[in-house]
Amino acid sequence: MSLTHYLVLAAILFTIGAVGVLVRRNAIVVFMCVELMLNAVNLTLVTFARSTGTIDGQIMALFVMVVAASEVVVGLAIIMSIYRTRRSASVDDASLLKY
Amino acid sequence: MNEVVIGTGEAVVFWILGPIALAGALGMVLSRNAVHSALWLVNTMLALGVFYVVQEAPFLGAVQIIVYTGAIMILFLFVLMLVGRDSSDSVVETLRGQRVGALLFGAGFAALVGAGTARATRDLPVEGLAAVQGGEGGAAAGNIDAIAAVLYSRYLLAFEVTGALLITAAVGALVLTHVEREAGTRRTQKELSRARFLTDRPQTLPGPGVFARANSVAAPALLPDGRVAEDSLATGIDPQEVTPMPRPTGREQLGSPDAALGALDPTVSDVPGGREGGEHR
Amino acid sequence: MEIVPAEGLLAASWLLIALPLAGAAVLLLGGRRTDRWGHLLGTATVVAAFLLGLACTLQLDGRRVDVDLFTFVSTGSLDVQAGLLYDPLSAVFVLLITGVGSLIHVYSIGYMAHDPRRRRFFAYLNLFVAAMLLLVLGDNYVALYVGWEGVGLASYLLIAFWHERPTAATAAKKAFIMNRVGDVGLALAIFIMFAQLGTVTYEGVFGQVGTLAGGTITALGLLLLLGACGKSGQFPLQAWLPDAMEGPTPVSALIHAATMVTAGVYLIARSAPVYDLTPTARAVVLAVGAITLLIGAIVGCAQDDIKKVLAYSTVSQIGYMFLAVGLGPAGYVAGLAHLLTHGFFKAGLFLGAGSVMHAMDDSVDMRRFGGLAPRMKVTFVTFGLGYLALIGFPFLSGFYTKDAIIEAAFDRGDGWGYVLGGVAILAAGLTAFYMTRLMLMTFFGRPRWEEGVHPHEAPSVMTAPMVLLALGSVFAGFLLVVAFPLEEWFAPVFGEPEEVEHVVAPIVVSVLVTLVMVLGVAAAWAFVGRREVPVTAPARVSPVVRAARRALYADTVNESLFMRPGQWLTRALVFVDNRGVDGAVNGLAATLGGSSARLGRAQTGFVRSYALTVLGGAVVVAGALLAVTAG
């Protein structure tokens, strides 16, 4: 048992989150996957804070949480307004931004 | 530099909660129902919160549970309830090669980062945070004190900017979800009345059962000549058979309009322009 | 004779050009405001120019006067001074242009009275007079060229004056293009002068032309001849002139009979010092003149269009003039004298034809005329006098000047002299034939008018110029040859007249020509006058008549030799341009466009595709980092 276990676990969680972003179409689930990726990064930050013996990693994780909260608020508001105009929460339906 | 040895208890916790966190993550990605996904994610986040506590970050662990699982995930569930489940939950992939590519890249990324991390941190020293936040012998009295000491000194500016970010996010959410209705778009009674008189039917719709023996909504109104008034038919209900009334109608009493007029006015009119006023031709 | 600088009234001779030019400018720029008095202004400027020209000529006194105006082009070694040369040669042209021009302007007031665009017509006429005066007054070849192109432009505008008629528009284009062919020759000749002599003034060129190699002088002469042929409708560029009759009749009279088409004769006469040095070019001029005068006379015999007959007659008569100036010093004066008398009687004939057309509802088909003599007495008399002058009736204009040319041809003394003289006499007989045929078909015989045509005499504003021109037709020859011999007048230009040894006595020539003329008249009487003229042209005729009707296949030759190969060449070039040049450019553009469209298809708009790409990039970065650290 070493800190490497935590880091590898975080890497796997991050990857699962990334794959989830790619394969899920419901915008809300996609958002959850993004949250999972952020959490995985937080775990890495906390682990390295413990490894190096400095508190800064935890501070950084705290900021990540705050920014994640703001992002969720704005992101969900965007999803709501898209849903209101398109009657759909699928990320594939908002595909007008192309050539 | 004193190395902290990771105890057996922590290993036990890791090996129990690690698979749970993984299972939560996989369950979130794989479950069709978005609500289930959210619940699986709560599972993972709780496990991570425990990991934070174990790793000498009790404050973050608490924040993780309170903010993430308590606030953010509830927000997710609110929006899910507002939006409702739709066809985007279908498991059929519409983009060609998207799923295969995602799995390939995901596996490659996990393998590379995992292997790289494992190789780079094989003999990572565990300094421990006792020096900065430890109990009686530490510089600060516990984890929260240690965080506060750094947060309000070195990271003060970032902290304040974060406050501004939160405010902006709140206002942004308000603006994005606010539906603007222009002043005066609600029509007054006068305008509604005027609009109704501009149609070809200014009067109220006929009520059911006029001249009928039944006054049920299924009984249609009858026009003066005995036909069914189509306007009065309720939708979704089969109209009843209209049976003529036994008593005579007004028309039958008077006979034809011409006969009625002739009976009323048989004499030559004195009024200029009258019916028989031939001298004015 | 030396050229002297101008003084007195002659210094103001630039006004000759400026007056009609100002008239054209006012009429063209003034718009509808000038509609009511525009024709009067246009006529007034030309009459004023005529009076000024008359005054200048009276002051000339046998001198050659140079009027220096301004520097036209001064670049490097090319230095062109805009200047006027007022000498006896240009003086007679000035008087001819402004005199006949004034009469025709007056005539046009009546002829164009009902045309809604009369003002524009007078503007173009003024423009023509200005350009023609510049042509004959310029003291260098560049000024001549400017006027040359100016009259070409005016001719184009006036032929296409009724441009809503497709035939008029086509005729104008044809005239313009065939004139360009000739202009190329003139332009090349000017280039040669500048390249070889470094000057383009008459004085400079004629002073140094003797220093050039013989071949260069011959080339110069031939190129100038090409220009002259284009402008004067001479073989092989004669086909445009008959078609130019699509223009209003006063235009035909002024431009395509009296003045512009004689510019070629003026060019050759003016360039006499060049031609004096090159017998080869002179021989070509003779050949061109002889061929053209025969072609014109033959074709004229078979045409039914009154204006076409007169047009071919013009071609033929200018052929006489070319023949004369091709004879060298002996013929210049004879040619120019014929040019002047021809200007009178041909303008008169055209005005008479215009009067007839005016009476016959703009019909030009002589087969529908006939019996007009009692209805249009003034026209008949003036036209008849012009006719007699043209065929060389004794003691009228043509008699003096045409005989002089034939005499000069015989005076060459060699075999070719007899050939040329014989051709000229033969053409005189043909001239008598076709002109008599025209007279008989138009004025005599039974009326063959179409329904609803009521011939009437033209108004006096039209008949007055016809009377004046008829007087000129009668007396000009006598005045110019006998009373005030042109030879003495032209002495400062062409040198003192020499006493020539006549090969054939003049009286013999005159009798011979008169006999042939009477023969032609008799033949016409036999063929046309004795019989009823059919209203439609007979279809079964001899090959000679058929060829003459089709103008000796000049258009066919032009078409098969130049037009069709030109069209093939154009088509081939268009093909090469479309497939080769455009193909390369378009192919490159299509390749780029196609590849960018293919690349653009990667922009699906699906955010998950983009995210996949981002993850792929992250994998690559991670792999690269690992490879670097592991390595």
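Hey, does region C:586-598 have a residue that's under 30 Å from B:Gln98 (Cβ atoms), open to solvent by 70 Å² or more (accessible area, probe 1.4 Å), within 14 Å of chain A (Cβ to nearest Cβ) and out of contact with any helix residue (DSSP H, G or I) (no Cβ under 7 Å at 6 or more places or on another chain)?
Yes, that holds for at least one residue.
What pairs can you find where one residue is in region C:406-419 and open to solvent by 40 Å² or more (accessible area, probe 1.4 Å), the other is hydroxyl-bearing (Ser, Thr, Tyr) and in a helix (DSSP H, G or I), and their Cβ atoms are less than 9 Å apart, with a gap of 6+ or different chains?
Taking only residues 6 or more apart or on different chains, the pairs are C:Arg412/C:Tyr418.
Residue by residue, here is whether (1) of a type in the set (Gly, Ala, Ser); (2) not assigned by TED's automatic domain parsing to the domain that holds C:Thr436 holds:
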{"site": "C:Gly520", "(1), (2)": "yes, no"}
{"site": "C:Arg531", "(1), (2)": "no, no"}
{"site": "C:Asn578", "(1), (2)": "no, yes"}
{"site": "C:Ala584", "(1), (2)": "yes, yes"}
{"site": "C:Gly593", "(1), (2)": "yes, yes"}
{"site": "C:Leu599", "(1), (2)": "no, yes"}
{"site": "C:Thr604", "(1), (2)": "no, yes"}
{"site": "C:Arg608", "(1), (2)": "no, yes"}
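Across region C:130-139, which residue is nearest to C:Lys173 (Cα to Cα) among those that are open to solvent by less than 10 Å² (accessible area, probe 1.4 Å) and within 13 Å of the chain's Cα centre (by Cα)?
C:Met132
Which one of these does C:Pro538 not meet: (1) more than 30 Å from C:Thr292 (Cβ to Cβ); (2) open to solvent by less than 80 Å² (accessible area, probe 1.4 Å)?
(1)
Scan region B:22-48 and report the pairs whose first residue is under 21 Å from A:Tyr6 (Cβ atoms) and whose second residue is open to solvent by 40 Å² or more (accessible area, probe 1.4 Å) and of a type in the set (Val, Ile, Thr), with Cβ atoms within less than 6 Å and a gap of 6+ or a chain change.
B:Ala47/B:Ile20
For region B:21-30, give me the residue count where each residue is open to solvent by less than 10 Å² (accessible area, probe 1.4 Å) and at the interface with chain A (Cβ under 7 Å from one of its Cβ atoms).
3
Say we look at region A:34-48 and pick out the residues that are more than 7 Å from every other protein chain (Cβ to nearest Cβ) and over 14 Å from the mean Cα position of the chain (by Cα); which of these is least open to solvent (accessible area, probe 1.4 Å)?
Per the criteria, the residue is A:Leu45.
For region C:47-74, how many residues are out of contact with any Ser or Thr (no Cβ under 9 Å at 6 or more places or on another chain) and open to solvent by 80 Å² or more (accessible area, probe 1.4 Å)?
Final tally of qualifying residues: 7.
Might you check whether a residue that is of a type in the set (Gly, Ala, Ser), surrounded by 13 or more Cβ atoms within 10 Å (Cβ to Cβ) and in a helix (DSSP H, G or I) occurs anywhere in region B:179-193?
Kept after step one, since they are of a type in the set (Gly, Ala, Ser), are these residues of region B:179-193: B:183-184, B:193.
From what's left, surrounded by 13 or more Cβ atoms within 10 Å (Cβ to Cβ): none.
No, region B:179-193 has no match at all.
Determine, yes or no, whether B:Asn33 is open to solvent by less than 60 Å² (accessible area, probe 1.4 Å) and more than 10 Å from every other protein chain (Cβ to nearest Cβ).
So B:Asn33 fails the test.
Of the conditions (1) assigned by TED's automatic domain parsing to the domain that holds C:Ser510; (2) more than 16 Å from C:Met441 (Cα to Cα); (3) assigned to a helix (DSSP H, G or I), C:Asp361 fails just one. Which one is it?
(3)
Restrict the check to region C:247-256 and report whether at least one residue is assigned to a loop (DSSP other than H, G, I, E, B), closer than 23 Å to C:Val146 by Cβ and out of contact with any Gly (no Cβ under 8 Å at 6 or more places or on another chain).
Scanning region C:247-256, I find at least one residue that is assigned to a loop (DSSP other than H, G, I, E, B), closer than 23 Å to C:Val146 by Cβ and out of contact with any Gly (no Cβ under 8 Å at 6 or more places or on another chain), so the answer is yes.
I'd like to verify a number: residues in region C:599-631 that are of a type in the set (D, E, K, R) and within 7 Å of another protein chain (Cβ to nearest Cβ), how many?
Step one: list which residues in region C:599-631 are of a type in the set (D, E, K, R), which gives C:601, C:608.
Now drop any that are not within 7 Å of another protein chain (Cβ to nearest Cβ), which leaves C:608.
Final tally of qualifying residues: 1.
Confirm whether A:Val29 is within 16 Å of the chain's Cα centre (by Cα), of a type in the set (Val, Ile, Thr) and within 19 Å of B:Leu103 (Cα to Cα).
yes
May I ask you to verify whether A:Phe63 is more than 7 Å from chain B (Cβ to nearest Cβ) and part of a helix (DSSP H, G or I)?
no
Working only within region C:547-561, note down all residues that are modelled with pLDDT under 80 and open to solvent by 80 Å² or more (accessible area, probe 1.4 Å).
Those that are modelled with pLDDT under 80 and open to solvent by 80 Å² or more (accessible area, probe 1.4 Å): C:Arg550, C:Tyr553.
Looking at C:Arg564, C:Arg530, which is the one that is at pLDDT 85 or above and of a type outside the set (Asp, Glu)? Before the answer, list the steps.
On the way: C:Arg530 fails: at pLDDT 85 or above.
Going through C:Arg564, C:Arg530 in turn, just one is at pLDDT 85 or above and of a type outside the set (Asp, Glu): C:Arg564.
Residues to consider are C:Gly495, C:Gly445; find the one that is surrounded by 12 or more Cβ atoms within 10 Å (Cβ to Cβ), of a type outside the set (A, V, I, L, M) and farther than 30 Å from C:Leu58 by Cα. Lay out the reasoning, then the answer.
Details: C:Gly495 fails: farther than 30 Å from C:Leu58 by Cα.
When all the criteria are applied, what remains is C:Gly445.
Look through region C:94-123, keep the residues that are open to solvent by 30 Å² or more (accessible area, probe 1.4 Å), of a type outside the set (A, V, I, L, M, F, W, C) and assigned to a helix (DSSP H, G or I), and return whichever of them is nearest to C:Gly150 (Cα to Cα).
Here the residue is C:Arg120.
Considering each residue of region B:46-76, count those that are of a type in the set (A, V, I, L, M) and within 9 Å of chain A (Cβ to nearest Cβ), and give that number.
Going through region B:46-76 one residue at a time, the tally reaches 9.
Matching residues to (1) of a type outside the set (Asp, Glu); (2) open to solvent by less than 10 Å² (accessible area, probe 1.4 Å); (3) under 17 Å from C:Tyr266 (Cβ atoms):
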{"site": "C:Val288", "(1), (2), (3)": "yes, no, yes"}
{"site": "C:Lys308", "(1), (2), (3)": "yes, no, no"}
{"site": "C:Gly319", "(1), (2), (3)": "yes, yes, yes"}
{"site": "C:His338", "(1), (2), (3)": "yes, yes, yes"}
{"site": "C:Asp361", "(1), (2), (3)": "no, no, no"}
{"site": "C:Gly370", "(1), (2), (3)": "yes, yes, no"}
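Answer yes or no as to whether C:Ser13 is closer than 27 Å to C:Ile255 by Cβ, open to solvent by less than 50 Å² (accessible area, probe 1.4 Å), free of Cβ contacts under 8 Å to residues at least 60 places away in the same chain and of a type in the set (Gly, Ala, Ser).
no
This table checks each residue for (1) more than 7 Å from every other protein chain (Cβ to nearest Cβ); (2) part of a helix (DSSP H, G or I); (3) farther than 30 Å from B:Leu95 by Cβ.
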| site | (1), (2), (3) |
| --- | --- |
| A:His5 | no, yes, yes |
| A:Phe14 | yes, yes, no |
| A:Gly20 | no, yes, no |
| A:Val29 | no, yes, no |
| A:Met32 | no, yes, no |
| A:Arg50 | no, yes, yes |
| A:Gln58 | no, yes, yes |
| A:Gly75 | yes, yes, no |
| A:Leu96 | no, no, no |
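Residues B:Ala130, B:Ala148, B:Ala158, B:Ala107: which one is closer than 20 Å to B:Leu60 by Cα, open to solvent by 50 Å² or more (accessible area, probe 1.4 Å) and not assigned by TED's automatic domain parsing to the domain that holds B:Pro58? Let's see the steps before the verdict.
Numbers: B:Ala148 fails: open to solvent by 50 Å² or more (accessible area, probe 1.4 Å); B:Ala158 fails: open to solvent by 50 Å² or more (accessible area, probe 1.4 Å); B:Ala107 fails: closer than 20 Å to B:Leu60 by Cα.
Unique residue meeting the criteria: B:Ala130.
The values are calculated or read from the model by the stated rules, or taken from the named source; none is laboratory data. All of these numbers come straight from a predicted model, not from anything done at the bench. Every residue, glycine among them, receives a Cβ derived from its backbone with ideal geometry; neighbour counts consider all protein chains shown. For accessibility, only protein heavy atoms count, side chains too; no ligands or nucleic acids. Shrake-Rupley method; radii C 1.70, N 1.55, O 1.52, S 1.80 Å.
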